[in-house]
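Worksheet: the structure to be examined is printed underneath.
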Amino acid sequence: METNSSAKEKSGFGSKLGFILAAAGSAVGLGNIWRFPYLAAKYGGGIFLLIYLILAVTFGFSLMITEIAIGRRTGKSVIGAYSSINRKFTPLCWLAAFVPVIITPYYCVIGGWVLKYLATFAAGQGAAAGGDGSFFSGFIGNAGQPAVFFLIFLFATAAVVMLGVEKGIERISKFMMPVLVLLTIGIAIYTLTLDGAAEGLKYYLLPNLKGFTGAMLLKTIAAAMGQLFYSMSLAMGIMVTYGSYMRKEDSLEQSVRQIEIFDTGIAILAGLIIVPAVFVFSGGDASALNAGPSLMFITLPNVFDSMAGGQIVGAVFFILVALAAMTSSISLMETVVSIIMEKFRMKRIPACLITVLICLLLGMLSVLGYSSWSNVEIIGMQFLDFFDFISNNIMMPIVALLTCILIGWIVKPKYIEDEVLVSQKSFRARTLLSVMLRFVCPICMIIILLTPFVTDI
Ligand code: PFF
């Protein structure tokens, strides 16, 4: 059976607020600011929002509290945690551990792109950043600059992780997250006051039932579930790791609710920035929102360019995205570092250096995949898209499915309940958790696995 002694020996968060802000910092990332608004716009506006909210408070809540409770109860990294619950689940440990190893490098590459745009807007050259997209393709098409910005982002992330949980991660989250919230609210207020923004607001918030079929509903549910995973940093060991640093006296249920409110709130606010702004720019043409991944790097710079004060708004917006991406990449890297420290009994600094080395190797593949090696493809995808695809569409749903089987059917949800009750008198969501873990979540995971292309990742 697992022990808790390691939890006491190792470092952890010094306060409940520190834990909540760090976990929310992990959850709030590129997924909220760039992915959520375009998915909402694509899948019927208000309908998507409604489905997402229902899933967040049921499905998302259950998976998140499960992961954090596993971490806190075992006091171990993702590798040690699952195998200490049941030895037969050791392969699950390795699979879960592999997800952040794949994601961290390419996430830092995209973080580098964000830094490049931040630098461009801050230098007053934002007008050149949009156009027909040639700025973006020219930038990623030459390995030199993306490699430099990737390295800056990677080293900045590593510097925080090297400082440790309390001195690095907690401290930076306590500073970055309030700034992030203020910036998001500030830009949202600005874009909502633009002429024509009301139309975009209606499109975003009201359910759009025109042409909404049963098949569309299924696709919307699958897309919302996929987004939930991505957004809440689930099934990649992060919440297990952060849970292992959580104090025993802090309420799990309340903390998870607060992290969820943070994550969903920022996603909805990001939509309030992006959807109306793109509407104003495109003269009410909703299809401009369907630019997918290029929305942030091509459409939005054009939107800023067309606004009064767009250079400043653009620079502030990219500061916001950089902060969000940085707190997420810190959590991804910390998960890998915690695994190396535990598995190979290493100290933090050498474990960080090894992680940086892995990130350098895999990250450079993603950088080169869009430039010098653009002719190299894996199952029809460039490296970055391939890493994104196998982690999000295949590995994460499998990790979540196996977690549900382990907790829902083998050790039973009481395992989580007992941990929740360590820090609170009663557990209100007890039945919800049990139904979700045993029935709803496994079925949802199978649906996600069977429809890998539905979510348009
Ligand atoms: N939850 C963060 C985000 O929304 O960006 C971090 C993250 C999750 C990054 C999942 C990457 C990923 F595949």
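Does region 224-231 contain any residue that is aromatic (Phe, Trp, Tyr), under 29 Å from Phe387 (Cβ atoms) and in contact with a helix residue (DSSP H, G or I) (Cβ under 7 Å, 6 or more places away or on another chain)? Yes - at least one qualifying residue is present in region 224-231. Of all residues in region 243-288, those satisfying the criterion of being within 23 Å of Phe13 (Cα to Cα) and touching an Asp or Glu at 6+ places or on another chain (Cβ under 8 Å) are Gly243, Leu252. Here is the figure for region 82-106: residues that are part of a helix (DSSP H, G or I), away from the ligand (no atom under 16 Å from the Cβ) and either under 28 Å from Phe386 (Cα atoms) or not hydrophobic (A, V, I, L, M, F, W, C) (or both) total 11.
Among the residues of region 429-457, those that are modelled with pLDDT of 85 or more, within 23 Å of the chain's Cα centre (by Cα) and not aliphatic (A, V, I, L, M) comprise Cys441, Pro442, Cys444.
Being of a type in the set (D, E, K, R) and crowded, with 23+ Cβ neighbours inside 10 Å is the requirement here; does Lys76 meet it? For Lys76, the condition - of a type in the set (D, E, K, R) and crowded, with 23+ Cβ neighbours inside 10 Å - is met. Filtering region 98-112 to residues that are buried (at least 23 other Cβ atoms within 10 Å of the Cβ) and either of a type outside the set (Gly, Ala, Ser) or at pLDDT below 95 (or both) leaves Val99, Pro100, Ile103, Thr104, Pro105, Tyr106, Tyr107, Cys108, Val109, Ile110. A single member of Ile152, Ile172 is among the hydrophobic types (A, V, I, L, M, F, W, C), surrounded by fewer than 18 Cβ atoms within 10 Å (Cβ to Cβ) and more than 25 Å from Met396 (Cβ to Cβ), and it is Ile152. Among the candidates Tyr230, Tyr204, single out the residue that is under 24 Å from Ala288 (Cα atoms), under 16 Å from the mean Cα position of the chain (by Cα) and either of a type in the set (D, E, K, R) or crowded, with 23+ Cβ neighbours inside 10 Å (or both). One residue alone meets the criteria, Tyr230. Scanning region 115-125 for residues that are touching a Phe, Trp or Tyr at 6+ places or on another chain (Cβ under 6 Å) and either within 16 Å of the ligand (Cβ to nearest atom) or of a type in the set (Gly, Ala, Ser) (or both) yields one hit, Leu115. Under the condition of being closer than 21 Å to Val99 by Cβ and away from the ligand (no atom under 16 Å from the Cβ), the residues counted in region 203-236 number 1.
So that you can scan it fast, the table gives a plain yes or no per residue for (1) closer than 18 Å to Val316 by Cβ; (2) away from the ligand (no atom under 16 Å from the Cβ); (3) at pLDDT 95 or above:
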{"site": "Tyr245", "(1), (2), (3)": "no, yes, yes"}
{"site": "Glu260", "(1), (2), (3)": "no, no, yes"}
{"site": "Asp263", "(1), (2), (3)": "no, no, yes"}
{"site": "Asp285", "(1), (2), (3)": "no, yes, no"}
{"site": "Gly292", "(1), (2), (3)": "no, no, no"}
{"site": "Thr299", "(1), (2), (3)": "yes, yes, no"}
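Residues that are more than 13 Å from the ligand (Cβ to nearest atom), β-branched (Val, Ile, Thr) and surrounded by fewer than 24 Cβ atoms within 10 Å (Cβ to Cβ) within region 383-406 comprise Ile398, Ile405, listed in sequence order.
A count restricted to region 235-251 and to residues that are surrounded by 24 or more Cβ atoms within 10 Å (Cβ to Cβ) and not small (Gly, Ala, Ser) stands at 8.
Kindly indicate whether Ala308 is modelled with pLDDT under 90, assigned to a loop (DSSP other than H, G, I, E, B) and aliphatic (A, V, I, L, M). Yes; evaluated as a whole, the condition is true for this residue.
Among the criteria (1) within 16 Å of the ligand (Cβ to nearest atom); (2) surrounded by fewer than 24 Cβ atoms within 10 Å (Cβ to Cβ); (3) not polar (S, T, N, Q), the one Gly309 does not fulfil is (1).
Within region 28-49, one or more residues are at pLDDT 95 or above and closer than 30 Å to Met346 by Cα. Taking the listed residues Val278, Val316, Val336, Val321, the one that is buried (at least 24 other Cβ atoms within 10 Å of the Cβ), touching a residue at least 40 places away in the same chain (Cβ under 8 Å), of a type in the set (A, V, I, L, M, F, W, C) and more than 16 Å from the ligand (Cβ to nearest atom) is Val278, with no other qualifying.
Only one entry of Ile33, Ile65, Ile20 meets the criterion of being in contact (Cβ under 8 Å) with a residue 24 or more places away in the chain and more than 16 Å from the ligand (Cβ to nearest atom), and that entry is Ile65. Does region 266-273 contain at least one residue that is among the β-branched types (Val, Ile, Thr) and surrounded by fewer than 18 Cβ atoms within 10 Å (Cβ to Cβ)? Scanning region 266-273, I find no residue that is among the β-branched types (Val, Ile, Thr) and surrounded by fewer than 18 Cβ atoms within 10 Å (Cβ to Cβ), so the answer is no. Exactly one residue out of Phe13, Phe59 is within 16 Å of the ligand (Cβ to nearest atom), in contact (Cβ under 8 Å) with a residue 24 or more places away in the chain and more than 25 Å from Ala288 (Cα to Cα): that is Phe59. Scanning region 111-136 for residues being over 16 Å from Phe150 (Cα atoms) and part of a helix (DSSP H, G or I) gives a total of 7.
The values are calculated or read from the model by the stated rules, or taken from the named source; none is laboratory data. None of the values given here were measured: they were computed from a predicted structure. When we count neighbours, we look across all protein chains shown, and the Cβ atoms used for this are built from the backbone with ideal geometry, even at glycine.
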